[in-house]
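Visitor: Can you keep this structure in mind? I'll have questions shortly.
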Amino acid sequence: METINHLPFIVGSYAAALIIVGGLVAWIALDFRAQRRALADLELRGQTRRSAGPRQQRPMEEVKEKA
Amino acid sequence: MALTDLANPSRFLSFANRAIPWLGGFTVIVLAFGLNQAMSAPNDYQQGDTVKIMYLHVPSAWLSMLAWAVMSVAALGTLVWRHPLADVAAKAAAPIGAAFALLCLITGSLWGRPEWGTYWVWDARLTSELVLFLLYLGVIALWRTVEDPARAARAAAILTLVGAIDLPIIKFSVVWWNTLHQGSSFGLTGSTIYPTMLIPLLIMAVAFTLLFATLHLAAMRNEILRRRVRTQRLMQASTAN
Amino acid sequence: MSALAALLVRDIRIGVRVGGGALMGVLFFLVVVTLVPFAVGPDLALLKRIGPAILWLAALLASLLALDRLFAADHEDGSLDLLLMSRAPLELVVAAKGLAHWLTTGLPLIVAAPLIGLLLNLDPPAEAALVLTFLAGTPALTFIGLIGAAISVALRRGGLLLAVLVLPLTVPVLIFGVAAANAAISGPMPFGTPFTILCALTLASLVIGPFAAAAALRQEME
């Protein structure tokens with residue numbers, strides 16, 4: 001086999017791993033923030049969290065069916 | 001019904017909130033240790049230093065298969081027990097599996113360039129990994145096309161299980177097809193793996209598995225929150241009327 | 001049984017009437033095969049060598065054509081609900097619809113394949129082998145496609161998604177179908193090996209397809 005410099009391929013592989021795994025982490029983290037902000041926003045507008053109590057589940061189900 | 005089981009996702013959320021930092025920290029430690037071991041491992045006498053790519057390539061391939069297995073178990077949970085957490089687990093696993101399948105393909109082709117002289121060879125393992133990647137994209141497309149989350153979950157669950165049956169058959173056919181068409185044998189690891197390379201590889205596999213667990217847990221948490229947002233918006237829209 | 005027979009006859013009628021899938025499939029098949037020489041050049045030796053592969057690929061694409069309407073049309077006019085409520089097992093109902101689809105799109109392809117094979121310079125023994133692999137393999141394409149059709153039944157634009165979902169699953173059928181046809185034409189292996197595996201794939205898909213498609217329909221229609 002002719003001697004070619006292997007280093008770019010190794011560096012490229014590790015860079016690809018960094019980009020893909022980093023992208024996943026960033027996407028998940030940003031998504032988490034976005035969802036939390038949306039929830040906080042909704043709570044500000046006076047919505048009760050459905051985890052607030054089991055009694056709230058029944059009306060919600062009706063609401064869902066209507067929707 | 002999805003809504004009567006909401007207590008479980010709530011408990012799951014508090015568990016995830018506590019577990020994710022610990023799991024993430026542990027992942028970073030094992031990953032750093034594994035990378036250190038991989039970098040200091042001796043080179044293969046045939047392949048030289050490109051064997052360093054193996055420490056990424058093989059764990060990615062492993063994760064891409066693990067993610068489909070997780071999705072299949074979750075699919076059973078969706079279809080048999082109708083558990084909303086199973087829907088969430090299946091949906092969260094798909095993009096992660098696709099990302100690692102892609103990483104496996106990229107590292108495989110970057111490994112192939114110095115070894116085979118070309119970026120892509122229709123090698124049996126690379127080819128079946130490509131088909132697996134396409135199946136992941138199909139599942140993700142299905143999740144994104146069906147609007148109602150519960151229905152999307154059930155459709156994706158059936159596709160996942162059919163894929164789980166078909167994947168071994170695809171693998172077998174591609175290997176068979178490959179031996180039919182290739183005179184000389186290509187292979188990523190022609191030589192046997194020595195313990196000096198095997199141990200770093202195993203550590204990296206464990207690190208990647210931990211990485212998957214962390215990412216999956218975090219993605220599941222996101223998905224649960226996303227469903228809460230969705231339900232509350234629907235509620236708001238109907239009370240506004 | 002008579003309910004299933006009635007369904008079969010109804011679906012065949014829908015398939016062969018004007019605007020149905022049957023003739024469209026053959027026409028599409030012809031068009032795809034005609035395009036290939038424009039892409040690879042009119043070299044008859046080359047076309048003869050890759051002929052079985054071209055015909056198999058064209059058949060794979062053609063069998064997808066009418067598939068997205070298979071359950072969607074019944075869903076739209078409400079007859080799918082009746083089928084779901086009927087006393088006949090849904091798996092058999094789905095299998096009957098699959099059989100009707102194969103009879104109206106798969107079978108015409110098999111009849112047309114020898115004629116279209118002439119365009120690709122295939123000689124009679126090669127055409128006989130190709131027809132045999134089509135006969136054994138195209139039912140698998142239809143019955144794998146059933147699953148995709150059932151999954152995408154309620155989607156407005158399910159056609160493209162259907163292709164994306166189904167085509168990767170058909171890789172084994174394509175591999176063994178083309179391999180069997182090539183084995184009969186040029187060797188080196190005996191025709192029986194890939195052909196037997198192709199038959200096995202078809203038999204497996206005849207079982208898995210209706211069960212998975214029926215499960216998908218039940219889940220979708222809740």
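Visitor: Got a sec? Which helices (runs of 4 or more DSSP H) wholly within region C:1-97 have at least 2 residues that are touching a Lys or Arg at 6+ places or on another chain (Cβ under 8 Å)?
Guide: Correct list: C:2-16, C:68-77.
Visitor: Just to be sure I understand, how many residues within region B:137-149 are closer than 17 Å to B:Thr231 by Cα and either of a type in the set (Phe, Trp, Tyr) or surrounded by fewer than 18 Cβ atoms within 10 Å (Cβ to Cβ) (or both)? Lay out the reasoning, then the answer.
Guide: Going through region B:137-149, the residues closer than 17 Å to B:Thr231 by Cα turn out to be B:146-149.
From what is left, the residues that are either of a type in the set (Phe, Trp, Tyr) or surrounded by fewer than 18 Cβ atoms within 10 Å (Cβ to Cβ) (or both) are B:147-148.
Counting residues in region B:137-149 that are closer than 17 Å to B:Thr231 by Cα and either of a type in the set (Phe, Trp, Tyr) or surrounded by fewer than 18 Cβ atoms within 10 Å (Cβ to Cβ) (or both) gives 2.
Visitor: Another question, then. Quick one: how many residues across region B:124-144 are touching a Lys or Arg at 6+ places or on another chain (Cβ under 8 Å) and within 19 Å of C:Leu160 (Cα to Cα)?
Guide: Number satisfying all stated conditions: 1.
Visitor: So which of B:Pro95, B:Pro59 ends up being in contact with a Leu (Cβ under 9 Å, 6 or more places away or on another chain) and open to solvent by 10 Å² or more (accessible area, probe 1.4 Å)?
Guide: Only one candidate passes the filter, namely B:Pro95.
Visitor: Quick check on region B:149-173: of everything there that is more than 7 Å from chain C (Cβ to nearest Cβ) and among the aliphatic types (A, V, I, L, M), which residue is farthest from the chain's Cα centre (by Cα)?
Guide: Looking at the filtered set, the residue picked out is B:Ala150.
Visitor: Moving to a separate point now. Would you confirm, using the coordinates I've provided, whether C:Pro108 is closer than 14 Å to C:Thr142 by Cα and either outside any helix (DSSP H, G or I) or open to solvent by 10 Å² or more (accessible area, probe 1.4 Å) (or both)?
Guide: Against the criterion (closer than 14 Å to C:Thr142 by Cα and either outside any helix (DSSP H, G or I) or open to solvent by 10 Å² or more (accessible area, probe 1.4 Å) (or both)), C:Pro108 qualifies.
Visitor: Being open to solvent by less than 70 Å² (accessible area, probe 1.4 Å) and more than 9 Å from chain B (Cβ to nearest Cβ) is the filter; apply it to region A:1-40 and report the residue that is modelled with the lowest pLDDT.
Guide: So, considering only residues that are open to solvent by less than 70 Å² (accessible area, probe 1.4 Å) and more than 9 Å from chain B (Cβ to nearest Cβ), the one modelled with the lowest pLDDT is A:Ala40.
Visitor: Among the numbered criteria (1) open to solvent by less than 50 Å² (accessible area, probe 1.4 Å); (2) more than 11 Å from chain C (Cβ to nearest Cβ); (3) at pLDDT 85 or above, which one does B:Ser191 miss?
Guide: With (1) open to solvent by less than 50 Å² (accessible area, probe 1.4 Å); (2) more than 11 Å from chain C (Cβ to nearest Cβ); (3) at pLDDT 85 or above applied to B:Ser191, the lone miss is (3).
Visitor: For C:Val31, indicate whether it is at pLDDT 85 or above, farther than 19 Å from C:Gly137 by Cβ and either open to solvent by 50 Å² or more (accessible area, probe 1.4 Å) or in contact with a Pro (Cβ under 6 Å, 6 or more places away or on another chain) (or both).
Guide: Against the criterion (at pLDDT 85 or above, farther than 19 Å from C:Gly137 by Cβ and either open to solvent by 50 Å² or more (accessible area, probe 1.4 Å) or in contact with a Pro (Cβ under 6 Å, 6 or more places away or on another chain) (or both)), C:Val31 qualifies.
Visitor: What about B:Thr179, is it modelled with pLDDT under 90, over 21 Å from C:Ile175 (Cβ atoms), in contact with a helix residue (DSSP H, G or I) (Cβ under 9 Å, 6 or more places away or on another chain) and of a type in the set (S, T, N, Q)? Quick ask: steps written out before the conclusion?
Guide: Values: modelled with pLDDT under 90: yes; over 21 Å from C:Ile175 (Cβ atoms): no; in contact with a helix residue (DSSP H, G or I) (Cβ under 9 Å, 6 or more places away or on another chain): yes; of a type in the set (S, T, N, Q): yes.
So B:Thr179 does not fit the description; no.
Visitor: I've got another one for you. Within the group C:Ala184, C:Ala216, which residue is surrounded by fewer than 24 Cβ atoms within 10 Å (Cβ to Cβ) and assigned to a helix (DSSP H, G or I)?
Guide: C:Ala184
Visitor: Going by the conditions given, is B:Trp176 open to solvent by less than 50 Å² (accessible area, probe 1.4 Å) and either farther than 26 Å from A:His6 by Cα or part of a loop (DSSP other than H, G, I, E, B) (or both)?
Guide: yes
Visitor: Name the residues in region C:35-60 that are of a type outside the set (Gly, Ala, Ser), within 21 Å of the chain's Cα centre (by Cα) and open to solvent by less than 60 Å² (accessible area, probe 1.4 Å), would you?
Guide: C:Val36, C:Ile50, C:Pro52, C:Ile54, C:Leu55, C:Trp56, C:Leu60
Visitor: In region B:124-158, what residues are in contact with a helix residue (DSSP H, G or I) (Cβ under 7 Å, 6 or more places away or on another chain) and not aliphatic (A, V, I, L, M)?
Guide: Within region B:124-158, B:Thr127, B:Ser128, B:Glu129, B:Phe133, B:Tyr136, B:Gly138, B:Trp143, B:Thr145, B:Pro149, B:Arg151, B:Arg154 qualify.
Visitor: Sticking with this structure for a sec: Out of contact with any Asp or Glu (no Cβ under 7 Å at 6 or more places or on another chain), modelled with pLDDT of 90 or more and not hydrophobic (A, V, I, L, M, F, W, C): does that describe B:Tyr119?
Guide: It is false that B:Tyr119 is out of contact with any Asp or Glu (no Cβ under 7 Å at 6 or more places or on another chain), modelled with pLDDT of 90 or more and not hydrophobic (A, V, I, L, M, F, W, C).
Visitor: Is it fair to say B:Leu85 is in contact with a helix residue (DSSP H, G or I) (Cβ under 7 Å, 6 or more places away or on another chain) and more than 8 Å from every other protein chain (Cβ to nearest Cβ)?
Guide: Yes, satisfied.
Visitor: Now a separate question. Part of a helix (DSSP H, G or I), modelled with pLDDT under 90, open to solvent by 10 Å² or more (accessible area, probe 1.4 Å) and within 13 Å of another protein chain (Cβ to nearest Cβ): does that describe C:Leu161?
Guide: Yes, satisfied.
Visitor: When only residues in region A:41-54 that are of a type in the set (Lys, Arg) and either out of contact with any helix residue (DSSP H, G or I) (no Cβ under 7 Å at 6 or more places or on another chain) or open to solvent by 70 Å² or more (accessible area, probe 1.4 Å) (or both) count, which is modelled with the lowest pLDDT? Break it down stepwise before answering.
Guide: Just the residues of region A:41-54 that are of a type in the set (Lys, Arg), to begin with: A:45, A:49-50.
Subsequent filtering for residues that are either out of contact with any helix residue (DSSP H, G or I) (no Cβ under 7 Å at 6 or more places or on another chain) or open to solvent by 70 Å² or more (accessible area, probe 1.4 Å) (or both) retains A:45, A:49.
Working: A:Arg45: 77, A:Arg49: 52.
For region A:41-54, the residue satisfying everything is A:Arg49.
Visitor: A further question follows. Given (1) assigned to a helix (DSSP H, G or I); (2) within 14 Å of chain A (Cβ to nearest Cβ); (3) at pLDDT below 75, identify the lone condition not met by B:Leu215.
Guide: Evaluating B:Leu215 over (1) assigned to a helix (DSSP H, G or I); (2) within 14 Å of chain A (Cβ to nearest Cβ); (3) at pLDDT below 75 leaves (3) as the failure.
Visitor: Moving to a separate point now. Working only within region B:111-136, note down all residues that are open to solvent by 30 Å² or more (accessible area, probe 1.4 Å), over 21 Å from C:Leu141 (Cβ atoms) and among the hydrophobic types (A, V, I, L, M, F, W, C). Spell out how you get there, then give the answer.
Guide: Residues of region B:111-136 open to solvent by 30 Å² or more (accessible area, probe 1.4 Å): B:113, B:115-120, B:122, B:125, B:130, B:133-134.
Narrowing further to those that are over 21 Å from C:Leu141 (Cβ atoms): B:113, B:115-120, B:122, B:125, B:133.
Hits for region B:111-136 are B:Trp116, B:Trp120, B:Trp122, B:Phe133.
The values are calculated or read from the model by the stated rules, or taken from the named source; none is laboratory data. Not measured: the values here are computed from a predicted model. FYI the Cβ positions are ideal-geometry reconstructions off the backbone, even for glycines, and counts take in every protein chain you see. Accessible surface areas use protein heavy atoms only, side chains included; no ligands, DNA or RNA. Shrake-Rupley method; radii C 1.70, N 1.55, O 1.52, S 1.80 Å.
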